[in-house]
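**Q** Right, I'll just put the structure down here and ask away after.
The values are calculated or read from the model by the stated rules, or taken from the named source; none is laboratory data. Every value quoted in this text rests on a predicted model; they were computed, and no experiment measured them. Neighbour counts are summed over all protein chains in view; Cβ atoms, including those assigned to glycine, are modelled from backbone coordinates with ideal geometry. What goes into the accessible areas is simple: the full protein's heavy atoms, side chains included, and nothing from ligands, DNA or RNA. Shrake-Rupley method; radii C 1.70, N 1.55, O 1.52, S 1.80 Å.
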Amino acid sequence: IAVALLVFLGAVGFGSPVAKYLSAGGFYDPASESSKGSRLLEQKFGESEQQLLVVVTAPGGARSAPARAVGTDIVEHLERSPFVFNVSSPWTSTAQSAGHMVSKDGKSGLIVANLRGGENDAQKHARTLCAESVHDRDGVTVRAGGLAVAYAQVNDQIEHDLLTMESIAIPLSFLAMIWVFGGLLAAALPIAVGLTAIVGSMSILRLLTFTTDVSVYALNLTTALGLALAIDYTLLIVSRYRDELARGSLPDRALIRTMQTAGRTVLYSATTVALSMAVMVLFPMYFLRSFAYAGVATVAFAAVAAVVVTPAAIVWLGPRLDAMDMRRLLRGMLRRREHGRIPVQQLFWYRSTRFVMRHAVPVGLAVTALVALAGAPFLGVKWGFPDDRVLPRSASAHQVGDQLRNDFADDVATTVQVVIPDAR
């Protein structure tokens, strides 16, 4: 338990900031024609997929003196940066090119900066450049967008949303465990195993960033899967241990029997889940490969914590495992008489299972119809890559994306570029 606690604390310190080292990209096959074309455009023309787009809006229009002063100042700052290939704007480009960078109403001008660094580093560069130069001044509104900014804001959003999700899921799970286990200590055990699995897999993901690209979306899987498996595995072990004690076994013998049965089931389940997740490593897109990394790491930590920490905690706690029984306290507050051990035949789950077995065909048809009804909207699914619209409307990348789609004649995000490798 002491070693597990040290591992947990180390994983918290090392794995917690992992979102800052992950990328919101990884959707393209590196061997595809489009990826080869993108590399040629970047190497030969300085045209990067990772663009920083800055929209400068002034009440007097994009050609007004305040807009020109702010726009040219931002362009000069970007051109001096080592993170930028090139910059174009309505104030510094040729007249023909500049016309496409002014909105239809003439109030906004668009600055396009092609960033170096690929999917991982360009988003960091975009965050730095925005902090340095993208802010309102002299009555002129300045907003940053583009793919690089969207990736940076997706990372920030996911980090924020994961904290929100955990702050909701963990207390609710703890309350559910109190309802199932009764005792506070027994209920805290699966939560502790789940947190160990989550922060442990985050540490593995951060380690992987030193050698390969990892998608930030893998964190969603890490949190959900880690908590779910930890509760599942710990619940199975503790419940089986209690059943063995109820049959009259001594604590040591009950724990041995528990690990021979429930412990083996946990390892078999973990191996099955890990193998099913591991096959995703065969995909060329690191967005999908990252789910293999996260899945295998999370399952491994959850399984090891369940079969090592859980039995150790059972031995350490001993009779205190069922201490602080909240159900007994609640019955006392409500002045309800405590019943003895209820025969299994009278329990809800036993009776419901018997009902399903007696009416297997109609229940099976009803459940199938319900699942088909719930899945019917999937028939109209439309596939696409995530862009700035996955962000809330308060995000600047989403606001700039909406401006480009609605207010500009040309949207750089929907441009198709053709590159001829051998111009001869």
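**Q** Quickly run through segment 89-138 and pick out the residues that are of a type outside the set (S, T, N, Q), in a helix (DSSP H, G or I) and open to solvent by less than 10 Å² (accessible area, probe 1.4 Å).
**A** Ala98, Ala122, Ala126, Leu129
**Q** Residues that are over 22 Å from Val299 (Cβ atoms), surrounded by 23 or more Cβ atoms within 10 Å (Cβ to Cβ) and in contact with a Leu (Cβ under 8 Å, 6 or more places away or on another chain): does segment 186-205 have at least one?
**A** yes
**Q** Of all residues in segment 1-40, how many are of a type in the set (Ser, Thr, Tyr) and assigned to a loop (DSSP other than H, G, I, E, B)?
**A** Qualifying residue count for the region: 2.
**Q** One residue is enough: does segment 299-307 have a residue meeting the conditions closer than 30 Å to Tyr28 by Cβ and either in a helix (DSSP H, G or I) or at pLDDT 95 or above (or both)?
**A** Among the residues of segment 299-307, at least one is closer than 30 Å to Tyr28 by Cβ and either in a helix (DSSP H, G or I) or at pLDDT 95 or above (or both), which makes the answer yes.
**Q** Continuing with the same structure: Considering every residue within segment 41-48, establish whether at least one is more than 21 Å from Glu159 (Cβ to Cβ), open to solvent by less than 70 Å² (accessible area, probe 1.4 Å), part of a loop (DSSP other than H, G, I, E, B) and aliphatic (A, V, I, L, M).
**A** No, every residue in segment 41-48 fails to be more than 21 Å from Glu159 (Cβ to Cβ), open to solvent by less than 70 Å² (accessible area, probe 1.4 Å), part of a loop (DSSP other than H, G, I, E, B) and aliphatic (A, V, I, L, M).
**Q** Only residues in segment 1-25 that are within 14 Å of Val304 (Cβ to Cβ) count as the first member; pair them with residues that are surrounded by fewer than 19 Cβ atoms within 10 Å (Cβ to Cβ) and of a type in the set (A, V, I, L, M, F, W, C), Cβ under 7 angstrom, at least 6 apart or cross-chain, and list the lot.
**A** Ile1/Ala312; Ile1/Trp316
**Q** Here's something else I'd like to know. Check segment 327-340 and report whether any residue there is at pLDDT 85 or above and either in a loop (DSSP other than H, G, I, E, B) or in contact with a Gly (Cβ under 6 Å, 6 or more places away or on another chain) (or both).
**A** no
**Q** Taking Gly37 and the conditions (1) open to solvent by less than 60 Å² (accessible area, probe 1.4 Å); (2) under 27 Å from the mean Cα position of the chain (by Cα); (3) over 30 Å from Val142 (Cα atoms), which numbered condition does it fall short on, given that it satisfies the others?
**A** Of the numbered conditions (1) open to solvent by less than 60 Å² (accessible area, probe 1.4 Å); (2) under 27 Å from the mean Cα position of the chain (by Cα); (3) over 30 Å from Val142 (Cα atoms), the odd one out for Gly37 is (2).
**Q** Now, a different point. Return yes or no: is Gly61 in contact with a strand residue (DSSP E or B) (Cβ under 8 Å, 6 or more places away or on another chain), surrounded by 14 or more Cβ atoms within 10 Å (Cβ to Cβ), part of a loop (DSSP other than H, G, I, E, B) and at positive phi?
**A** No, not satisfied.
**Q** I'd like to know if segment 247-255 contains one or more residues that are open to solvent by 20 Å² or more (accessible area, probe 1.4 Å) and either within 24 Å of Thr271 (Cα to Cα) or within 18 Å of the chain's Cα centre (by Cα) (or both).
**A** The answer is yes, given that some residue of segment 247-255 is open to solvent by 20 Å² or more (accessible area, probe 1.4 Å) and either within 24 Å of Thr271 (Cα to Cα) or within 18 Å of the chain's Cα centre (by Cα) (or both).
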